[in-house]
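For reference, the structure discussed in these notes is given below.
The values are calculated or read from the model by the stated rules, or taken from the named source; none is laboratory data. All values reported here derive from a predicted model rather than from experimental measurement. Counting neighbours? That spans all protein chains shown, and the Cβs are built from the backbone with ideal geometry, glycine included.
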Amino acid sequence: MKFVHEPHPGGVLYVVATPLGNLDDLSPRARAVLGCVDLIAAEDTRVARHLLAALGLPQVPTVSSFEGNEARRAEEIVRRLGEGAAVALLTDAGTPCISDPGDRTVAAARAAGARIIPVPGPSAVAAALSISGFPASRFHFEGFLPAKGGERNKRLAEISTLAVTVVLYESPHRIRETLHDLAQACGATRECVLCRELTKKFETIQRGSLGDLDANSSESEIRGEFTLVLEPAAAQAITPVFPALEKEISRLRGLDLPVKTVAAILAPYAGLSKSEVYEIILKFEKSEE
């Protein structure tokens, strides 16, 4: 069966999905493509070479293309494509461009007139959604939340009100903080499916409320990459409140500053509008009475 397309004058860029962990998930088509391209552009060349070796494929010339060098590397890839080369674009695991490098390379290749061919396969988003039991006809993919600050608070506030299923990624060293912040922003009773190490030997899938998952996360060592799936928000979503914001509210109100002034000061910090912060202040102070 023929899986690889005919040469193209502007070159061919294959966007290849690779296993999340289980090598058996690599499609025969992906294997065929990786075995015959002229160049592989990989997020990590060591991971790519390990994959090729495990599959018994020839060591195709491989260059790195990660977040820090993708803009520059895309120029080199476009030059090779212009010479009629076939190039495979890989990330360490899953589908390129989905919270992984690749979009700049694809955009540059398209602008240069190359043929772009998807080679679909593993995706943590699709895998987690498929076993969540939450509605998936419409969903919001958030990817990784900002690490901290106003932008993080703003995104959490947006997620808290979304009436569709939400999918997020998180790393092991921030999962505790993220579960806690989600429980604060979305409410402790909101259901979540927490997937760790999908398709790998130590795959675990937990389902429970954000409050329970948050509490349990503080009691055990956490390793592996995470995909979280949140149930849609109820029609009457709660107003998100964040511990750091509450602390600043208390501090500034302790200086006898008016509510409007405090809202104006904190709005940029929280990543919210002044009116939104104003409402949070009123509700927070009412809960403290």
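Could you look through segment 245-289, keep only residues that are more than 21 Å from residue 151 (Cβ to Cβ) and among the acidic types (Asp, Glu), and pick out the one that is surrounded by the fewest Cβ atoms within 10 Å (Cβ to Cβ)? Here the residue is 289. Considering 132, 160, the condition of being at pLDDT 95 or above, polar (S, T, N, Q) and more than 17 Å from residue 99 (Cβ to Cβ) is satisfied by 132 alone. Of all positions in segment 147-154, none carries a residue that is under 29 Å from residue 90 (Cα atoms), touching a strand residue (DSSP E or B) at 6+ places or on another chain (Cβ under 9 Å) and not assigned by TED's automatic domain parsing to the domain that holds residue 273. Summed over segment 174-228, the residues that are closer than 21 Å to residue 162 by Cα and of a type in the set (Ser, Thr, Tyr) give a count of 4. Assess whether residue 196 counts as being touching a Pro at 6+ places or on another chain (Cβ under 9 Å) and basic (Lys, Arg). Yes, satisfied.
Is it true that residue 181 is farther than 19 Å from residue 99 by Cβ and among the acidic types (Asp, Glu)? For residue 181, the condition - farther than 19 Å from residue 99 by Cβ and among the acidic types (Asp, Glu) - is not met. Restricting segment 245-289 to residues that are among the charged types (D, E, K, R) and assigned to a loop (DSSP other than H, G, I, E, B) leaves a set whose member that is nearest to the chain's Cα centre (by Cα) is 289. Among residues that are closer than 25 Å to residue 270 by Cα, crowded, with 21+ Cβ neighbours inside 10 Å and touching a strand residue (DSSP E or B) at 6+ places or on another chain (Cβ under 8 Å), residue 195 is not included. On inspection, residue 142 passes the criterion of being under 19 Å from residue 232 (Cα atoms), among the charged types (D, E, K, R) and either at pLDDT 95 or above or crowded, with 21+ Cβ neighbours inside 10 Å (or both).
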